[in-house]
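Readers should treat all values here as calculations from the given coordinates under stated rules, not as data from a laboratory. The model shown is predicted, which means the values in this text are computed figures rather than measured ones. So basically every Cβ, Gly included, is an ideal-geometry build from the backbone, and we count neighbours across all protein chains shown.
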Amino acid sequence: MTRKALAVALCAGIMLLFGCGVTVVPRPASPDAVVNPADGSITETREGLQVSARVQEPAVLSYPSVTGLASFYVAVVNRTGQPLTVPLDSFYLFDDQGNQYEAIEPATLQSRVSRESTYLIPYPYVGYYYLEDAEEAGAINAFDSSLPFYAENHPQELLMNAFPVTSILPGARVAGRVYFGVDLPQRSSVELRVYLPGTPRSGTADFSFPFSIEK
């Protein structure tokens, strides 16, 4: 295979892994909702609390052991005058088939990826394609070291980019990713719902963010 053909194949593989070709269109359900065409986000404000949401990545990871994972970027601005916490169990996702998904704990997801995955995706990482190669090289360079090497990776970005579950002080803003175990490119539409603490799950969500998935 020529270099050009190899590059084309690699690019095609990356596009497939990251769900390229999928367009996410915000479909605000409330007349008060504001859509930002630049990033495809929907923003709603209720009683001094402003929440924005958009699909961050239709397919977050390409590890063989972790399939059907999408992330939503959520930003919360607290203008209520009181500290407020939005826990992870406030977020629910519903698809066009009526399936319900709960947000995944970032630490749980990181642990699963670290335990089961055996290699890193080719992009955007630079250097060793296989993590085993890096560890093996390190063991070789250690000369007579008797310590074994293990193929294990720790995608710290899952934790670093996650939505922070913390007390949001008056006038402050927090933002981050909320992860769901859903194969988003295979859905026609999804709706992210946010239930604040004290809101019954049997009632209407405090915030609702519908999106259509177009191929």
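Efficiency by 1/(1 + (r/R0)^6): what FRET value for Lys215 and Ala29, r their Cβ-Cβ distance, R0 = 25 Å, to the nearest 0.05? Write out the running numbers ahead of the final one.
Numbers: r = 23 Å, r/R0 = 0.90.
Rounded to the nearest 0.05, the efficiency is 0.65.
Quote to one decimal, in nm, the extra length available between Ala75 and Ala175 on full extension: 0.36 nm per residue of separation minus the C-alpha distance between them. Don't skip to the answer; put the middle values down first.
Details: separation 100, 0.36 × 100 = 36.00 nm, distance 0.41 nm.
Fully extending the segment from Ala75 to Ala175 adds 35.6 nm.
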Mind checking the full-extension length gain between Asp39 and Ser189? Use 0.36 nm per residue of separation minus the Cα-Cα distance, one decimal, nm. 52.2 nm
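Can you sort Glu57, Glu105 from fewest to most other Cβ atoms within 10 Å of each residue's own Cβ? Provide the component values of the computation, followed by the final result.
Values: Glu57 17, Glu105 14.
In increasing order of surrounding Cβ atoms, one gets Glu105, Glu57.
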